[in-house]
Amino acid sequence: MWIIGDGGSPERAQDNTRASFEFAIAEWADGILVHLQETPDHALVLSRSGMIRTAQGDQSLSALNSKTLEEVHPIRQKDGASYPLFAFPKLMEWLGTDPIRAFMKPSGTLLENQESLSGLGKILMESRTRIPTFLVLPSTTPSPAGIPADRIWRTIEQEPDLPPAKNRSGMQAIIPLEFALSGQCTGFSKILVTTPGPVREFNSLRRLPGFWGVITPTPYFTRKAAASASTGGTH
């Protein structure tokens, strides 16, 4: 079973930074979910939203470019700790040395711009990472040319997003925990479940056809909960 750190381990360090990813690895994560945006000059930014909170105030990605990006240090909201942004090329270099899965989730204009999306897909396909990287797309977003189906995971948020059963064969889906437990998410080749915190329903999830693992902001506690569930313990 895979445990994927959502933005790394944001309980320990600002998410989508190298520090957060390294904490996730130290906490037994099998992979990381990397949130990607782009600046107006199409530089890739590791960020969950279009705003980055810094010690100098919130900065919009629309006001940044590939050069000024290097000067941005996001802060963690809990304690104001500052962490340097992990430039995307450096991230790919890092993934070439660390044996961890990476799920790249584009959003904002990066997701809307097919040319940028295709460029990202090309980078992932040409990367020399030790473990193949994956692209995470909404269920309705066309796949970039040249990306094989097994390198793409589709996000499905609710029932209307579900593809018809006949179209699910071979599809790898990422679905919310509550939706996964509803019993409606069947027919996928692989399923990852998202959760805002530690998962406690492992025994139910393991019975879900195609269940492959969870995406969580707390990889350490989720791993402990999984180990406890496998031995019949309580948590």
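The values are calculated or read from the model by the stated rules, or taken from the named source; none is laboratory data. Predicted model only: the values in this text are computed from it and were never measured. Ideal geometry is used to build each Cβ from the backbone, glycine not excepted, and the neighbour counts take in all protein chains shown.
For the range 1-19, the set of residues classified as more than 23 Å from I175 (Cα to Cα) and either touching a Pro at 6+ places or on another chain (Cβ under 6 Å) or among the basic types (K, R) (or both) consists of R12, Q14, R18, listed by residue number. D41 falls short on exactly one of the conditions (1) over 21 Å from T218 (Cα atoms); (2) surrounded by 16 or more Cβ atoms within 10 Å (Cβ to Cβ), and that condition is (2). The residues in the range 202-216 that are in contact with a helix residue (DSSP H, G or I) (Cβ under 7 Å, 6 or more places away or on another chain), surrounded by 16 or more Cβ atoms within 10 Å (Cβ to Cβ) and not β-branched (V, I, T) can be counted, and the count is 4.
Cβ separations smaller than 8 Å between residues 6+ apart or across chains give the following pairs from the range 186-211 residues that are more than 17 Å from S169 (Cβ to Cβ) to residues that are among the acidic types (D, E) and in a strand (DSSP E or B): T194/D6. So H42 ticks every box in (1) at pLDDT below 90; (2) assigned to a loop (DSSP other than H, G, I, E, B) but one. Which box is left unticked? Here H42 meets the rest and fails (1).
Residue-wise test of (1) within 28 Å of P198 (Cβ to Cβ); (2) of a type in the set (A, V, I, L, M, F, W, C).
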site	(1), (2)
D15	yes, no
S20	yes, no
A24	yes, yes
S47	yes, no
Q56	no, no
Q59	no, no
S82	yes, no
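Scanning the range 18-39 for residues that are in a loop (DSSP other than H, G, I, E, B), over 23 Å from S116 (Cα atoms) and modelled with pLDDT under 95 yields E27, W28. Over 19 Å from the mean Cα position of the chain (by Cα) and either in a loop (DSSP other than H, G, I, E, B) or farther than 21 Å from V214 by Cβ (or both) - does that describe any residue in the range 2-17? Within the range 2-17, none of the residues are over 19 Å from the mean Cα position of the chain (by Cα) and either in a loop (DSSP other than H, G, I, E, B) or farther than 21 Å from V214 by Cβ (or both). In summary, R18 fulfils each of the numbered conditions (1) farther than 15 Å from P106 by Cα; (2) in contact (Cβ under 8 Å) with a residue 24 or more places away in the chain; (3) touching a Ser or Thr at 6+ places or on another chain (Cβ under 8 Å); (4) not small (G, A, S) with the single exception of condition (3).
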